[in-house]
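A short write-up of the structure that comes next.
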Amino acid sequence: MSSRAASLLSVARESPARVAVQDRPGWLSLFSQAAVIEDPVGSAAHRRQESQPSDPLGRFYDTFIGPNRVAMDTRLDVVHGQRAEVARDVIIHTQLSSGQSIDVHAYLLYELAEEQGQLRIARLAAYWELPQMSLQVLGGGLRGLWTMTQMSVRMLRIQGLSGTLGYMRGLTSGVFGHGRRVIEALACTLAHRKTQALRHLFTEQAQLEISTNASLRSQAARAEDSHSVGDVMSALLALVPAGSSFVVSSPRASGHTVAFRFAVSGSDGAPGPHGIGFAEFTPTALFRRNQAKIQRLRLFVCEDAGG
């Protein structure tokens, strides 16, 4: 790993480390002056702005982090050095103030930028399923109901009515099961090289970005620049040669994005590129959710991947 990539990863890892020891000032200092937190993606974002009397990120901390004990297990980290981004596959363990414990599988995307000579987090996007988490809490019976009541009262007190309604948007706005099914179809059509079916999963102006592997990245760059579904098809088929398999696992639908793990295996079973993917879908009305297609596909490929 290059020194640049190591620096980016260090900042990303520092965020949960500060959370674990409940270091509020230290955690807030990791973010840029115009930072944005989307947690989860699909709910209203928390944005720093100079004109605001109090720090929205501080209110986020006081609502969702401060009252709880939070620890995180990392399953995979992938650094995209060219864009100063870090993608993480994690399990977040939270003991809530009521005493109830929940585990949430999430994908985190950190976008970093230089500010006053220091790397800072400009955007933190957390991809996890709010409906699933809510059901997990309510599954705790009376304690779960009490926990949900506590969380709602705290949110109203700190975030206000508009902030609470913005958070609840994550329960109704997004691609949900349809998005997960499209990602599963993507794996199947790629493995069987069903080009027409594959094309149908994307918009005509789709973009593709592959974070590493020079030859694949050059093809993906053409797909991103041209906004052509044909170039996206060519780059994806180059990523998964004939006879290879493209396996996706643990998809999480968050807003209009589905985050997932992927792995390519050769016809002889040899491992190929693997990493974390983000499929961004066209925003659609609730009653047209099943018509949403992929408008941008980002694949963060591990440095130790084959090819």
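The values are calculated or read from the model by the stated rules, or taken from the named source; none is laboratory data. All of these numbers come straight from a predicted model, not from anything done at the bench. Here the Cβ positions follow ideal geometry from the backbone for every residue, glycine too, while neighbour counts run over all protein chains shown.
Taken as a whole, the structure places residue 74 among residues that are more than 23 Å from residue 179 (Cα to Cα), at pLDDT 95 or above and under 18 Å from the mean Cα position of the chain (by Cα). Taken over segment 157-172, residues that are surrounded by fewer than 17 Cβ atoms within 10 Å (Cβ to Cβ) and either in contact with a strand residue (DSSP E or B) (Cβ under 9 Å, 6 or more places away or on another chain) or within 20 Å of residue 41 (Cα to Cα) (or both) amount to 9. Looking across segment 1-32, just one residue is of a type in the set (Ser, Thr, Tyr), surrounded by fewer than 18 Cβ atoms within 10 Å (Cβ to Cβ), in contact (Cβ under 8 Å) with a residue 12 or more places away in the chain and not in a helix (DSSP H, G or I), and that is 2. Could you list, in sequence order, the residues of segment 231-289 that are closer than 22 Å to residue 40 by Cα, at pLDDT 90 or above and small (Gly, Ala, Ser)? Within segment 231-289, 249, 250, 253, 254, 255, 259, 275, 277, 279 qualify. Remark: residue 202 matches the filter, which requires a residue to be farther than 30 Å from residue 134 by Cβ and either at pLDDT 95 or above or in the same structural domain as residue 105 (by TED's automatic domain parsing) (or both).
None of 180, 143 is of a type in the set (Lys, Arg) and either modelled with pLDDT of 95 or more or closer than 30 Å to residue 48 by Cβ (or both) except 180. Among residues of segment 41-55 being free of Cβ contacts under 8 Å to residues at least 40 places away in the same chain and under 18 Å from residue 110 (Cβ atoms), the one that is nearest to the chain's Cα centre (by Cα) is 45.
For segment 57-89, residues that are touching a residue at least 60 places away in the same chain (Cβ under 8 Å), part of a strand (DSSP E or B) and of a type in the set (A, V, I, L, M) total 5. On inspection, residue 133 fails the criterion of being farther than 24 Å from residue 88 by Cβ and in a helix (DSSP H, G or I). Considering the conditions (1) touching an Asp or Glu at 6+ places or on another chain (Cβ under 8 Å); (2) surrounded by fewer than 20 Cβ atoms within 10 Å (Cβ to Cβ), residue 121 is excluded by exactly one of them, (2). The set of residues from segment 33-44 being loosely packed, with under 14 Cβ neighbours inside 10 Å and of a type in the set (Gly, Ala, Ser) is empty. Of all residues in segment 252-307, exactly one satisfies the criterion of being assigned to a loop (DSSP other than H, G, I, E, B) and buried (at least 23 other Cβ atoms within 10 Å of the Cβ), namely 255. All told, residue 103 meets the bar of being within 21 Å of residue 167 (Cβ to Cβ) and assigned to a strand (DSSP E or B).
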